[in-house]
Amino acid sequence: MPRLRYRAAKSPSRLEDRFLMLWKATGGPPLEREYRFHSERRWRADFAHLPTLCLIEVEGGIWVNGRHNRAAGFNADLEKYLEAGLAGWRLFRFGPDQITWENVQRLVNFMKVQAVPNSTQLY
């Protein structure tokens with residue numbers, strides 16, 4: 001009998017906590033955490049805003065040759081992001097240097113405008 005892999009719930013990273021703190025401070029709408037966006041694959045996004053079909057990925061380990069920088073991890077991320085886009089999701093990626101008040105506020109403003117039907121405003 002094949003052995004089932006146990007996958008513990010992912011604890012939030014320091015970067016995800018920082019992003020979420022800024023998100024709430026800038027008045028961001030509610031987000032789903034660890035959202036499984038694909039019905040067949042077990043892919044999850046760090047955060048999802050369902051009304052606008054936006055996924056947010058917080059990329060850690062970019063300065064320490066982490067998973068996102070090695071060939072296998074990078075290719076797996078590309079496959080995941082391609083499938084998300086083909087399924088109609090918009091993907092926003094944040095590295096440590098992008099998690100700033102200004103950038104998070106820009107994304108909050110964008111999502112607020114996108115959530116309004118027939119909006120022609122620019123963010």
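The values are calculated or read from the model by the stated rules, or taken from the named source; none is laboratory data. What you see is a predicted model, and the numbers here were worked out from it, not measured in a lab. Cβ sites come from the backbone with ideal geometry, for glycine too, and all protein chains shown count toward neighbours.
Taking the residues in segment 80-102 that are small (Gly, Ala, Ser) and part of a loop (DSSP other than H, G, I, E, B) as candidates, determine which candidate is surrounded by the fewest Cβ atoms within 10 Å (Cβ to Cβ).
Filtering first and then ranking leaves GLY88.
Kindly provide the set of residues from segment 26-52 that are outside any strand (DSSP E or B) and closer than 18 Å to LEU15 by Cβ, ordered by number.
Matches in segment 26-52: THR26, GLY28, LEU31.
Would you confirm whether any residue within segment 60-74 is at pLDDT below 90, touching a Ser or Thr at 6+ places or on another chain (Cβ under 6 Å), buried (at least 16 other Cβ atoms within 10 Å of the Cβ) and not in a helix (DSSP H, G or I)?
Checking segment 60-74: at least one residue is at pLDDT below 90, touching a Ser or Thr at 6+ places or on another chain (Cβ under 6 Å), buried (at least 16 other Cβ atoms within 10 Å of the Cβ) and not in a helix (DSSP H, G or I).
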